[in-house]
Each structure stands twice: as structure tokens, then as C-alpha cells.
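First the structure, in the form of C-alpha cells, and then the observations on it.
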Amino acid sequence: MPESPLSAPLTHTCFDLESYAYKAGQGELPTIDASLAHATLNLAVEPAQGRLHHWQLEAARQGPTPLTPAQILGAVVRIARGRTSPIAFVDPMSRRVRTASGTVYELGLPHPAYAEQAPGVLESLGFRRGAGR
């Protein structure tokens, strides 16, 4: 029986290797295909590539700068092992995101410093203040 994608270790996920043409050195950013954002309203029914822990959002071009909730689409999710392609869709009910490459990730707990810095962003992603403390 095949292993569930959620039980796969993070070393098997595809950060920065999502077969997406992003050339950071040349400043090229992919455009977000609008059909990806509207294909599914509920990401809970789609299998996730994995659950991300100790993550933070960054603007794809600027790196670690504070974001507002309005800047979530197009931002990337960074963890210690790498980053995703830009976010194309957010499902706050399931705390999942779909990236521009079409990959679905479940958001685990964010990096503690990021949680303190960006409470409005976390609320937009389905996290409530004080939950889990």
C-alpha cells in the first residue's frame, strides 16, 4: 500500500524543485494561473504534499519583509529546507494553500517569531490568536 503524502518526511517534498521555472538570479517570477485559484474552493478534499512546520511567508521578490493579509497570494512559504512556489489559493478552513505549480500544502504551526510579527496574516490563513497555547 502506498505511503500517505502527509506521512512522508519533509525531505521527500519538492521545495524549489516543484518543476516550476523560477529563476531567482534573473528576477523572473511566474504568473499565477487564475484557473488554479478557482479550480477548488475546498482544499481539504485534495491530498496535501505534506505539512509544513515552523514556516513563514515572504514576498517572492523581497525576501523576509513583513506582509499584510492582502499580500498572501503571490507570497512564498519558507521553511528551513527551502521554499514553495508562489501561493495561488488559500483555504483558511483547512489551513491549506495551493501554489502556482498546483501543489497543495497543509500549514502546521508557523515559526514562533513569525506568529508574533504577523497575527493578521495568520488569521487570514485560518489561525486564531491564542489557539494552541
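Give me the number: length gained by fully extending Ala113 to Arg128, i.e. 0.36 nm times residue separation minus the C-alpha to C-alpha distance, one decimal in nm.
Numbers: separation 15, 0.36 × 15 = 5.40 nm, distance 1.59 nm.
Result: 3.8 nm gained on full extension.
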Which whole-percent values make up P(r) of region 32-124 when all C-alpha to C-alpha distances are grouped in 5 Å steps starting at zero? 3, 15, 27, 29, 18, 7, 1
Show me the ranking of peptides 83-91, 116-124 by mean Cβ neighbours inside 10 Å, starting with the highest. 83-91, 116-124
Neighbourhood charge, 15 Å Cβ-Cβ cut-off, centred on Pro69 and excluding it, Lys, Arg +1 and Asp, Glu -1: 0
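FYI, it's all coordinate maths here, none of it is from the lab. If you're wondering where the values come from, they're calculated on a predicted model, not measured in any experiment. Don't worry about glycine lacking a Cβ; one is built from the backbone with ideal geometry, like all the others, and counts go over all protein chains shown.
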